[in-house]
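Below you'll find the structure, written out as C-alpha cells, and then a few comments.
The values are calculated or read from the model by the stated rules, or taken from the named source; none is laboratory data. Source: prediction; values computed, not measured. Glycine gets a Cβ as well: all are built from the backbone with ideal geometry, and neighbour counts include every protein chain shown. Just so you know, the surface numbers come from the protein's heavy atoms only, side chains and all, with ligands and any DNA or RNA stripped out. Shrake-Rupley method; radii C 1.70, N 1.55, O 1.52, S 1.80 Å.
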Amino acid sequence: MVDIVKQIITDWHVIVITVGVVLYLNIVCYVASYKKRNVHSVVVKKAPVKKAAPEETAEPQSEENSEEAAE
C-alpha cells in the first residue's frame, strides 16, 4: 500500500498538476486581495460644504425695534 502511494505522489503528472493548482490559487488570491484593496482605497468625494454667510456685525434687533419694523 505504501509503495503504491509513493509511486502516485512521485509521478511527474501529479507533481506538475499540483504545482499548477498552487500557482493558480496564488494568482486568484492575489487578484482578490488586490481588488479588495482598491475598493477600500477609493476616496468618496463629498459635496463641497458651503460656508455660512458672514454674519453682520450690526447689533441684533431688540423686541421693541422688531415690533416697530413690523408695523
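Set side by side, the residues ALA69, ALA58 differ, and just one is hydrophobic (A, V, I, L, M, F, W, C), part of a helix (DSSP H, G or I) and modelled with pLDDT under 65, which is ALA69.
Sub-7 Å Cβ pairs linking a first residue in segment 2-16 that is touching a residue at least 12 places away in the same chain (Cβ under 8 Å) to a second residue that is surrounded by 10 or more Cβ atoms within 10 Å (Cβ to Cβ), at least 6 apart or interchain, number zero.
For segment 1-24, the candidate set comprises residues that are open to solvent by less than 90 Å² (accessible area, probe 1.4 Å) and of a type in the set (A, V, I, L, M, F, W, C); within that set, the residue that is modelled with the lowest pLDDT is VAL5.
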